[in-house]
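The values are calculated or read from the model by the stated rules, or taken from the named source; none is laboratory data. Only a predicted model underlies this, so the values are computations on that prediction, with no experimental measurement involved. As a convention, Cβ positions derive from the backbone with ideal geometry for all residues, glycine included, and neighbour counts pool all protein chains shown. Note: areas computed on protein heavy atoms with side chains; ligands, DNA, RNA excluded. Shrake-Rupley method; radii C 1.70, N 1.55, O 1.52, S 1.80 Å.
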Amino acid sequence: RQNKPAMQTVQWRGRPWLAVVAPGAMLDRFSLFALLPRESIDRAGAQTWLWVRRGLAFFLVFSGLVGLVLSATVLRPVDQLGEAVEALRRRDRGFRLRDLPADEFGELGATFNRFLATTEELELARVIQEVLLPRSLPALPGYGIAFRYLPATELAGDYLDVLPLPSGRVLFLVGDVTGHGAASALLMAMVKSALALLVRRTEDPPEIMDHLNRLVHRTMGRKMLMTLFLAVLDPAGHRLVCCNAGHPYPLRRMAEGGVDEIKLVAQPLGVGPRARFGRLELPFPAGSCLVLFSDGLYEGCDDQERVFGYEPLQACLQAERDGDPDRVCTRILEAFQAHVGARPLADDV
């Protein structure tokens, strides 16, 4: 009757159940009601925690551009990164990664070692940002790039990256792993490492997405999924090639001030190995602005459980007509913080 989502543990027929109800998004005066056995939920959680504590013995890697698999030399560094994330989780400052290769894996491992050696009280969210977020942004004449990251928990589940490509184009992406904690951080580290190798082989967004999907499915077996939106920018031709895997639609503001959503529908990474990902090529002329974000932004709630929504996002874009990316990010986060107030974040932003 209050037209609000609700969740509560109830007793029915001598057993605890989790009752969840939410108002229908598209059907007026209809609600969705689910009754879930608590023992099944608790059992699944216990199995996941056991799986995380044991660690990943090895990672299966994705098929290459011509059906080849990556060599075992990739598996060992990725497995080491998983061990390092687990060491960070348990505050093991004596742990060190050894025999680091002279590549992207080595850079990630060196970052872990620096923090483990010098930090008295590890700020785990800060470590994840240092390792998994861009340490520098490419300089593109005529373009500006900026990002902000607000983790909700120590080990966050969101991931973003900006990768210069061999052709001179640039890959932008934002992803969101289901859940939080060590397992989410492991999956993000694996995806970032795989991308560093993938972009040397192909710059086609659907092909990149297909390889990542098979990698996540093989490794996680549908225990964990990931949404991902990526776009390749051609700075010379002023065009974007976009691909989406279940991620919230980004917003594009044109020079004349109109704001539209980049709508591409596909299932998240890891659902199945035969998923197909479409591509959308769009003009990106002077004065345009592209904003990628995760669902933690528009789903942020105030004390009255009202979500931030898409409308303030669009208003912020329309207000910053000069397109300066730092001011766009700042204006969006100021509006977001004014909405949620002092309430703790329920999800990464």
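Worth pointing out:
- Neighbour net charge for Pro166 - beta-carbon separation under 9 angstrom, K R +1, D E -1: +1
- Sequence-ordered 3J(HN,Hα) estimates for the stretch 302-317 from the Karplus curve with 6.51, -1.76 and 1.60 and θ = phi - 60° stand at 8, 5, 9, 6, 8, 6, 5, x, 7, 4, x, 4, 5, 5, 5, 5 Hz, glycine and proline given as x.
- Trypsin sites (Lys or Arg not before Pro) restricted to the stretch 257-297 and DSSP loop, no more than 10 other C-beta within 10 Å: Lys263, Arg274, Arg276
- Counting heavy atoms of the protein chains alone, Met254 has an accessible area of about 30 Å² for a 1.4 Å probe.
- Within the stretch 232-266, backbone nitrogen closer than 20 Å to the virtual label 7 Å beyond the Cα of Gln318 toward Cβ: 249-263
- Across all directions, the average flat footprint of the convex hull enclosing the Cα atoms of the stretch 227-349 is 8.4 nm².
- Among the protein heavy atoms of the stretch 145-280, carbon and sulfur supply 53% of the accessible surface, probe 1.4 Å, non-protein parts ignored.
- A 1.4 Å probe run over the stretch 250-349, with the rest of the protein chains in place, finds 51 Å² accessible per residue.
- Rh (Kirkwood; distinct C-alpha pairs) - the stretch 158-208, Å: 11.8 Å
- Theoretical FRET efficiency, 1/(1+(r/R0)^6), r = Cβ-Cβ of His238 and Arg15, R0 41 Å, to 0.05: 0.10
- Applying the Karplus relation 6.51 cos²θ - 1.76 cosθ + 1.60 with θ = phi - 60° to the stretch 11-17 yields 3J(HN,Hα) values of 9, 8, 6, x, 10, x, 10 Hz, where x marks Gly and Pro.
- Point-to-point label distance, Arg200-Glu311, nm (Cα→Cβ direction, 7 Å offset): 5.0 nm
- Karplus-based coupling profile of the stretch 229-245, in residue order and whole Hz: 10, 9, 9, 9, 9, 9, x, 7, x, 6, 9, 10, 10, 10, 8, 10, 10, with θ = phi - 60° in 6.51 cos²θ - 1.76 cosθ + 1.60 and x standing for Gly or Pro.
- Proximity of backbone amide H atoms, modeled 1.01 Å from N, is registered between Asp161 and Leu173 at under 5 Å, excluding neighbours fewer than 5 places apart on the same chain.
- Taking amide H as placed 1.01 Å from N in the peptide plane, Arg321 has no amide H partner under 5 Å among residues 5 or more places away or on another chain.
- Built amide H within the under 5 Å cut-off of Arg239, gap 5+: Asp234, Phe284
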